[in-house]
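Report on the structure given below.
Since every read-out is calculated from the coordinates, none of them should be taken as a lab result. These numbers come from a predicted model, not from an experiment. In this analysis, Cβ positions are derived from the backbone assuming ideal geometry, glycine residues included, and neighbour counts consider all displayed protein chains.
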Amino acid sequence: AHAEALAYRDDLLPVRSFVASRARGAGLTPPRIPDLVLAISELAANSLRHTGGGGTVQFWRTGDRIICQVSDTGQITDPLARHRVPPDEELGGKGLWLVNQVCDLVQARTGRTGTITRLHMRTAPARRLRQLRHRRRAST
């Protein structure tokens, strides 16, 4: 209900600006903002490269997480595409793998009507996350 959305068709600059400004406003730590912008840019570029149209980026915050979702009409036919690093001699093709390296959690659903990829990033600094994990372990 609180998601903000941006449709894109041919230009990635508005997508990058949208994600960066929303991430800053939602409290994502400054060093992680470029990671999120890069990840969304890679997904949006894939939409432009591999589908007949653009897509939609949605952004929202829930608790200590920022969630960004990219939807388009493309289909990912290789279920392991985002987990495998293409050979170095292959030009391109590393975007889906890269997205998984810079985000805390990546969820992807693909079907006849298209693909939805949801990226999660924590807003809490790493030190705070370690403290929370330590408390959870101590209480069990």
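Across region 21-36, coupling constants 3J(HN,Hα) worked out from phi with the 6.51/-1.76/1.60 Karplus curve, θ = phi - 60°, read 5, 5, 5, 4, x, 8, x, 5, 4, x, x, 8, 4, x, 4, 5 Hz, and Gly and Pro carry x.
Here's how it looks for Thr115: its modeled amide H is under 5 Å from those of Asp72, Thr73, Gly74, which are all 5 or more places away or on a different chain. Working ranking of peptides 21-29, 35-43 by packing, defined as the average number of other Cβ atoms within 10 Å per residue, highest first, is 35-43, 21-29.
With θ taken as phi - 60° and the Karplus curve 6.51 cos²θ - 1.76 cosθ + 1.60 applied, the whole-hertz 3J(HN,Hα) list for region 55-69 is x, 9, 10, 10, 9, 7, 10, 9, x, 9, 10, 9, 10, 10, 10 Hz, x standing for glycine and proline. A crude spin-label estimate for the pair Gln107 and Ala138, with each label 7 Å from Cα along the Cβ direction, gives 3.1 nm.
What does the extension gain come out to for Asp10 and Ala124, with contour length at 0.36 nm per residue minus their alpha carbon separation?
On the way: separation 114, 0.36 × 114 = 41.04 nm, distance 3.36 nm.
My answer for the length gained is 37.7 nm.
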